[in-house]
1. How large is the convex hull of the C-alpha atoms of segment 305-376 per residue, in Å³?
2. Heavy atoms only, probe 1.4 Å: what % of the accessible area of the chain goes to carbon and sulfur, would you let me know?
3. Taking H placed 1.01 Å from N in the peptide plane, check which residues at least 5 places from Glu318 or on another chain put their amide H under 5 Å from its amide H.
4. Using a Gaussian network model on the chain with a 10 Å cutoff between Cα atoms, which of Ser290, Ser18, Ser305 fluctuates the most?
5. Compute the relative contact order of segment 181-291 as a whole-number percentage, counting only Cα pairs closer than 8 Å that sit 6 or more residues apart in sequence.
6. Would you list which lysines come within 29 Å of Lys56, measuring only between C-alpha atoms, while excluding same-chain residues fewer than 8 positions from it?
7. To the nearest 10 Å², what's Lys356's accessible area with a 1.4 Å probe?
8. Using Cα centres only, tell me the gap between segment 160-197 and segment 85-99 in whole Å.
Amino acid sequence: MSLSPTLELAKDLISRRSVTPDDAGCQELLMSRLAPLGFNGENLRFGKVDNLWARKGSDGPVLAFAGHTDVVPTGPEQNWAHAPFEPVIKDGYLYGRGAADMKGSLAAFITACERFVANCPEHRGSIALLITSDEEGPAKDGTVKVVETLEARNEKIDWCLIGEPSSTHQVGDVIKNGRRGSLHGYLTVHGVQGHVAYPHLAENPVHAVAPALDALANEFWDNGNDFFPPTTFQITRIESGTGSNVIPGECLVHFNFRYCTENSAESLEERVVAILDRHKLKYDLQWHLSGRPFLTDKGALVTASQEAIRTVTGRETELSTSGGTSDGRFIAPTGAQVLELGPLNATIHKIDECVKADDLDTLSEIYERILVDLLG
Ligand SMILES: [Zn+2]
């Protein structure tokens with residue numbers, strides 16, 4: 001049985017061992033398909049990271065597809081039923097690392113472009129691809145740097161479609177039109193080290209911080225709003241201790257906020273400091289803001305995507321802002337409308353990652369309809 005062009009390409013991509021930040025030739029493969037369609041490709045390499053900016057056309061509006069060729073590590077390969085970089089289709093599912101996150105959507109977008117350009121060679125505006133191999137890693141030399149490069153030359157993206165696996169039960173049932181912010185806190189509480197038998201000569205930082213952590217864990221941050229679920233606080237790490245008869249001198253606590261637009265990074269930082277101060281702790285506190293929340297309200301891209309999904313699958317789509325952050329956090333601040341639309345996310349980052357083979361063909365049709373609607 002011969003496979004569809006989308007599945008063939010997805011398999012070709014999966015068979016390249018592109019564990020983050022290694023691209024392993026995936027972008028070259030994509031470019032070998034895009035060049036014959038009239039795309040100009042630029043390799044933008046920063047540090048150890050390969051990025052691809054490919055564009056067909058020089059006018060606006062610009063519809064860009066954004067995604068990544070890198071994948072997360074496999075975990076113990078012997079636990080996989082099928083070798084992670086030897087893609088197979090079995091019982092209607094395509095197996096392999098990256099099948100869902102997100103080599104399947106890359107393939108679907110390329111084949112959508114191929115059909116669209118064949119049917120509509122004189123389309124309006126431009127089609128672009130912004131592809132990085134640093135999404136699953138630190139994300140420092142990837143999309144953020146490409147966006148800076150584009151901004152420096154005044155190159156604008158109007159609509160950005162990200163191929164992240166957004167769907168829950170059936171392809172297209174959920175699209176993400178925004179993401180919560182993510183804020184990390186790194187707290188060090190200082191005490192005085194001493195012998196457990198002589199506590200009056202020491203100060204136990206674990207005892208000191210415990211009630212403050214209780215207060216933080218039970219704090220009501222906000223109620224969320226029409227677009228976002230409520231802000232959440234989670235402790236991710238506690239570390240202290242020097243030996244069994246020693247009162248430790250320090251206690252480290254790491255925590256993370258996933259926050260909505262009812263709070264800001266600044267308001268959360270202030271509130272945490274107030275709680276720590278109320279508990280009279282001696283501490284140092286460092287912050288790392290890994291992404292501010294963003295939201296794309298109803299507009300041409302949302303409408304085109306909902307209509308494309310309805311036409312191809314008959315499904316009504318739910319707009320959601322749940323889940324982790326994505327590279328959309330770097331693109332949205334440029335003023336682009338940003339939307340995530342991809343396959344089911346049930347197996348992403350897991351052992352035996354897979355995607356329903358038919359879903360990739362459906363996705364390719366959806367992407368093609370969006371191209372026709374916005375640029376046809
Ligand atoms: Zn991904």
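1. Spelled out: Cα convex hull of segment 305-376, divided by residues, is 110 Å³.
2. For the chain, the apolar C and S fraction of the accessible surface comes to 48 percent.
3. Distant-sequence amide H within range of Glu318: Val174, Ile175.
4. Of the options given, Ser290 has the highest mean-square fluctuation.
5. Across segment 181-291, relative contact order equals 44 percent.
6. Lys11, Lys48, Lys103, Lys140, Lys145, Lys156, Lys176, Lys298
7. 90 Å²
8. That distance is 28 Å.
The values are calculated or read from the model by the stated rules, or taken from the named source; none is laboratory data. Remember, predicted model here, so these are calculated numbers, not experimental data. For neighbour counting, all protein chains shown are included, and Cβ atoms are generated from backbone atoms with ideal geometry for every residue, glycine included. Keep in mind that these areas ignore ligands, DNA and RNA; they rest on the heavy atoms of the full protein, side chains included. Shrake-Rupley method; radii C 1.70, N 1.55, O 1.52, S 1.80 Å.
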